[in-house]
1. Which whole-Hz couplings ³J(HN,Hα) result when phi for each residue of the range 88-99 is put into the Karplus expression 6.51 cos²θ - 1.76 cosθ + 1.60, θ = phi - 60°, listed in order with x for Gly and Pro?
2. Taking the Cα centre as origin and putting +1 on Lys and Arg beta-carbons and -1 on Asp and Glu beta-carbons, what dipole magnitude results for the range 132-236, to the nearest 20 debye?
3. Counting other Cβ atoms within 10 Å, which trypsin sites (Lys or Arg not before Pro) in the range 147-249 have at most 15 and lie in a DSSP loop?
4. Could you work out the helix-only [θ] at 222 nm for the chain, with each DSSP H run of four or more residues adding -39,500 (n - 2.57) and the total divided by the number of residues, to the nearest 500 deg cm²/dmol?
5. If a paramagnetic tag sat 7 Å from the Cα of C82 along the Cα-Cβ line, which residues of the range 190-205 would have the backbone N under 19 Å from that point?
6. Can you list residues from other chains, or at least 5 along the same chain, whose modelled amide H is less than 5 Å from the amide H of I105?
7. Using amide H atoms built 1.01 Å from N in the peptide plane, name the residues 5+ places from T25, or on other chains, whose amide H lies under 5 Å from its own.
8. How many nm is it between the label spots at Q152 and K123, if each spot is 7 Å from the Cα in line with the beta carbon?
Amino acid sequence: MIDFGIGGLSIAKVLLQEIPKSRMTYFSDTGSIPYGKLSAEDLQARLQKVFSYLLNLQVDAIVVACHAASTAVAGKTEIQTCPLFEVITPTRKWMSESAHKRIGIIGGVRTVESKLYENIPGKEIRAQSCQPLSIIIEAGQQNLPSFSIQLQKLLQVYVDSPVESLVLACTHYPAIQNEIQKLLPTSEVIDPAQLIVAKILNHFNIQKENLPHIADKDCYVCTGDRELMKRSALLGFDWKINVVKEVVL
């Protein structure tokens, strides 16, 4: 599971509920320049380094749990024969098949500017960059008094002109999904995590297992601040991480 930071935990939570026997290696790349700020070439090069690291661990699949990173691998299904799952393809599929016509997208600058969620026949897509939100969540600062004011400003376009559904095109945003839903009570807020996990289950022909997940078997690695990762994971996703391995790429 790859993300720049803790956002991918929103997908990991669903995945481990569906496949509790899984052993997860979670790769947080906060030691890198944020994926949304890298050039397309540099992002490709960075992801190749991360892929190589994970492939050396002999993982069974790689999940790119980041919309910005997924813009660099959209449509790809494998890396050196290892199954690869990105977030854009299943999200676009849901948008295309949804009965809703007016769909909003909120995400980082790279995700929005890629326009990979636009040009869907029969849909009115309105995309809005909400770049500061992932930084705030990564820093564990979403409980500060100023946050609700900033969130209101970022989503005002959808408050003034509501959409039928709003897609969270950043894996950090489910950490504040309740706050977003309160501001947009008439819109269905969509967390794509279930869509990605459904694609993984279908690929491996796995049925949901009603068993507890053994978290002690999971491995967390980070290229940046490991203590901040623990703190932000707890604040954002109520996810307790005991040990984070340092890695340098």
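1. 6, 4, x, 6, 4, 4, 4, 4, 5, 8, 5, 6
2. For the range 132-236, the charge dipole is close to 120 debye.
3. On the way: sites: K153, K182, K199, K208, K217, R226, K230, R231, K240, K245; in loops: K208, K240.
Here the sparse-neighbourhood loop sites are K208, K240.
4. Taken over the chain, the calculation gives -12000 deg cm²/dmol.
5. From the range 190-205, the list is 197, 200-201, 203-204.
6. Here R126, A127, Q128, V167 satisfy the definition.
7. Counting only residues 5 or more places away or on other chains, the set is C219.
8. Computed distance between label sites Q152 and K123 equals 3.1 nm.
No value in this document is a laboratory result; all are computed from the given coordinates. Since the model is a prediction, treat every value here as computed from it, not as a measurement. Neighbour counts run over all protein chains shown; Cβ positions are idealised from the backbone, glycine included.
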